1. I need to check one value: relative contact order of the chain, counting alpha carbon pairs closer than 8 Å and at least 6 residues apart, in percent.
2. Enumerate by residue number the trypsin sites (Lys or Arg not before Pro) in the range 250-352 meeting two conditions: DSSP loop (anything except H, G, I, E, B), and at most 11 other Cβ atoms within 10 Å of the site's Cβ.
3. Tell me, what is a quarter of the convex hull surface for the C-alpha atoms of the range 222-331, in nm² with one decimal?
4. Under the √(5λ) rule applied to the eigenvalues of the Cα gyration tensor, what semi-axes describe the equivalent ellipsoid of the range 135-190? Give them in Å, descending.
5. Give me the extension gain from Glu268 to Glu378: residue separation times 0.36 nm, minus the current Cα-Cα distance, reported in nm with one decimal.
6. Taking the 0 to 90 degree range and rounding to the nearest ten, how far is the long axis of helix 333-343 tilted relative to the main principal axis of the chain, both from C-alpha atoms?
7. Lys11: which aspartates and glutamates have alpha carbons under 20 Å from its alpha carbon, excluding same-chain residues fewer than 8 sequence positions away?
8. If you take the charge dipole of the range 135-190 about its Cα centre, with +1 on Lys and Arg Cβ and -1 on Asp and Glu Cβ, which of Tyr174, Pro159, Pro187 is farthest toward its positive end?
Amino acid sequence: MDISATEFLRKASDTAEYFGFQPAQNFKKRAECKNCTQKLSHSASAADRRLDALHGLLTGGINAYTEERLHALSEPVLFYNIEQVPRSGEAAITLHVFGVEKSIAEAILIQASRSLALDLGFENHSVRINSLGDSDSTNRYIRELTNYLKKRLDDMPPPARELMKDHVLTALTYLIEKEHDLAFRSPSPLEYLSDPSRRHFREIVEYLDLSETPYEIDPKLMGNHLCYSDALFAIDLFDEEGARMDHAPLYIRGGRYNRFMQKHMKREVPAAGAVVVLREKKAPTRVPRSTFGVPGVYVVQLGFGPKIRSLLLVDELRRAGVPVMQNLASDSLSEQLRDAEAKGVRYTVIIGQKEYVEGTVILRDMHARNQEYVPVSELSGRLRRSKVATS
């Protein structure tokens, strides 16, 4: 399947904006950021940023956070950047979510990445997920892993023994890459998760189940302990025979990097992100503009189940050509309704716990000031007939 870099970036930008991400430079125009006098800096060098194993593209979000003064914003921040992979020049997009501690951040990132893969024709794919947990979880896991590998030093290849002097997780990563038997018999980080980390991971799995996403829990999907915390994910592509593609046209990885932000900013900043690279295609000189239309619909939700239903509804409306706005990270109904009013949308779609259980939504006409219950299955067609669709 031949995809041009221009087509990839256009679809990537459109998909990102449907899921609530804005171009990073848009935040320069926000009064809160422009007028903020408190400057932040970070200590992350280029070498530090490369600990994400994604050429520093994921952890590069720390630059935007400080340079655009995003700390001045009280609400969660979702932004994207069009990137070039260092040295290769390959086209890439990075998605970043700041200020969202809850698992909806990872759910949005996975759904947006999957939707882009589907739009580009890669229907046969699967998500792999793992969790390193919070600091307490990681410390317990490292202690058990160290004991396990130290007892088996004689069975380890010399390079792995040497890497043990650096860090036990560095040695484990080497063993995993070499598909060594010790790696696959080693303890799983999932066995040492704290209660909050276990709950966080369980919610991500619940999202994958509710969205009928093909997935695999992979305890050997690892990330550097100085960078990642809690969830990590990868999206693998498969060929027509169902075999995993070793060098797939799309490379998709993501995870939560709170630990990196805390280490290099000396403050707690919830941060998660994803990177999608179009392999072997150079980024174009001119970046294509997004064709995302003016939204006439705002999706409002309240509660975990309604958040997931809303996320899937946004994707359904995206495929139907209905531009939507939403704030899936918000837990305030009144805040979302005020935002919908301020944005001047024609319709507000509301999903609470009652609507989630019944498979309905409240469709509110903001102009006529009336509302009605509509089955979720009928909403897309209803909105298309009301002429809020772009295609």
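Read-outs: derived from the displayed coordinates by stated rules, not from any lab. Everything quoted here is computed from the prediction, not taken from an experiment. Neighbour counts run over all protein chains shown; Cβ positions are idealised from the backbone, glycine included.
1. 20 percent
2. Filter output for the range 250-352: Lys266, Arg267, Arg286, Arg289.
3. Result: a mean projected hull area of 10.9 nm².
4. They are 17, 12, 10 Å, listed from largest to smallest.
5. Fully extending the segment from Glu268 to Glu378 adds 35.3 nm.
6. Roughly 60 degrees, rounded to the nearest 10.
7. Output for Lys11: Asp2, Glu83, Glu90, Asp119, Glu123, Asp236, Glu280, Asp315, Glu316.
8. Pro187
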